[in-house]
Amino acid sequence: SQPPVTNLSVSVENLCTIIWTWNPPEGASPNCSLKYFSHFGNNQDKKIAPETHRSKEVPLNERICLQVGSQCSTNESEKPSILVEKCISPPEGDPESAVTELQCIWHNLRYMKCTWLPGRNTSPDTNYTLSYWHRSLGKTLQCENIYREGQHIACSFDLTKVKDSSFEQHSVQVMVKDNAGKIRPSYNIVPLTSHVKPDPPHIKNLSFQNGDLYVQWTNPQNFQSKCLSYQVEVNNSHAETHDIFYVEEAKCQNTEFKGNLEGTICFMIPGIRSDALNTVRIRVKTNKLCYEDDKLWSNWSQAMSIGQKANLTFYITTLLIIPVIVAAAVIVLLLYLKRLKIIIFPPIPDPGKIFKEMFGDQNDDTLVSSDSMGNPLHWEDPEGLTTKQPQQMLLLSITIDNTFHFSLMPKRFL
């Protein structure tokens, strides 16, 4: 077998580009066309090539090792020389202090937004910095716009797609740390063929033709129609339905579509009722024809409605009348229940009160009456049965028509 390679070394460029270099083995056979077999830990990403270097973009959050050996052919079955290993260690610092859930999204191919959560062993007033690098930038830059979104911390920076066929073949390297160097740096690699979120589309026109709903919209800028998939949502106010239609390919070939169709996407939805208010929204996402990721939907577009609007006067009148009817019904019910209680449980009379009203407290000793001329007649108590001074006297009045009237009056007025 061939002797091992010599002077294997490792270095880091940019933020996350690791480069291994080595020298050819000493004492190699002159008849051997040297090739170098290399792989990362656990036999991952094997490679046989004549170059004496190898590079890889990888987040530096964990220990990374490369093993290299020499051989005389590209045949994998040939046993290489003794493998030489060189590793690069993760950055220094407490792993619990590093930020978590570091992720970045490329919005509409215009700017990238990264978010993360503070580490467990981190002070709340930590000042974070985010550095990023892409091949088109030429150097590492620092994100200036850091802000909070609830529990997350975010930073956005411009990243505009350029007319370069290899632009999206390279990733964005990101590193987050603090100014004071108290937390452990955290790294991420963001491929530009994924994590892409388009802007919402714009609805241009809605129309009904022969019981079908025709929808026309324009795509967000920077995207070709073939690279997008669509979702159309229709809400019908009459039937209270919520329908979602998935659109993989939308073309404006039907003559029913109106207006200038240049740059316009069209879709026909059959069986939509026109006698109710239909509200339409659309959202888009990248597809796997152009991108590796097809999970990030855009926000919903601004809604547009078509159809007959509901009679608001009828609903308002109904809402006003119903409480009045309910209140009147409650009042009638209460009155009926009160009357029914009186009928079922009538009040019991008080005999003592009745006699008191009829006779009062009569302790008079003298009965006073008057003749037909109105002169009072006096009768004394002949028996002297009482010694109490009378307080009132019963007056008997006899009128011309022989009608008797009785009344009580104090004696002192007689």
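The values are calculated or read from the model by the stated rules, or taken from the named source; none is laboratory data. For clarity, every value in this text was computed on a predicted model and none was experimentally measured. Quick reminder, even Gly has a Cβ in these numbers, built from the backbone with ideal geometry, and neighbours come from all protein chains shown. The accessibility values were calculated without ligands, DNA or RNA, using every heavy atom of the protein model including side chains. Shrake-Rupley method; radii C 1.70, N 1.55, O 1.52, S 1.80 Å.
Values for this structure:
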item	result
So Ile153, is it crowded, with 19+ Cβ neighbours inside 10 Å and either of a type outside the set (Gly, Ala, Ser) or outside any loop (DSSP other than H, G, I, E, B) (or both)	yes
In the range 124-155, the residues that are of a type in the set (Gly, Ala, Ser), within 17 Å of Val99 (Cα to Cα) and modelled with pLDDT under 95	Gly150
Whichever residue in the range 133-145 is outside any loop (DSSP other than H, G, I, E, B) and open to solvent by 60 Å² or more (accessible area, probe 1.4 Å) and, among such residues, is farthest from Thr17 (Cα to Cα)	Asn145
Unique match (being surrounded by fewer than 18 Cβ atoms within 10 Å (Cβ to Cβ), under 28 Å from the mean Cα position of the chain (by Cα) and assigned by the TED database to the domain that holds Val284) among Ser207, Ser237, Ser225	Ser237
Counted residues, the range 29-39 - those being open to solvent by 70 Å² or more (accessible area, probe 1.4 Å) and either of a type outside the set (S, T, N, Q) or outside any loop (DSSP other than H, G, I, E, B) (or both)	1
Residue within the range 200-213 that is within 29 Å of Cys104 (Cα to Cα) and in contact with a Leu (Cβ under 9 Å, 6 or more places away or on another chain) present	yes
Checklist (1) at negative phi; (2) surrounded by 18 or more Cβ atoms within 10 Å (Cβ to Cβ) applied to Pro124, failing item	(2)
Which listed residue is under 30 Å from Asp125 (Cα atoms) and of a type in the set (Val, Ile, Thr), from Val5, Val84, Val99, Val68	Val99
Flag for Gln173 being in a strand (DSSP E or B) and surrounded by fewer than 17 Cβ atoms within 10 Å (Cβ to Cβ)	no
Matching residues, the range 46-90, being of a type in the set (Asp, Glu), part of a strand (DSSP E or B) and surrounded by 13 or more Cβ atoms within 10 Å (Cβ to Cβ)	Glu57
Hits in the range 202-224 (condition: touching a Ser or Thr at 6+ places or on another chain (Cβ under 8 Å), assigned to a loop (DSSP other than H, G, I, E, B) and either basic (Lys, Arg) or over 21 Å from Asn236 (Cα atoms) (or both))	Asn219, Pro220, Phe223
Selected residue (criterion: modelled with the lowest pLDDT) from residues of the range 7-28 that are assigned to a loop (DSSP other than H, G, I, E, B) and open to solvent by 50 Å² or more (accessible area, probe 1.4 Å)	Gly27
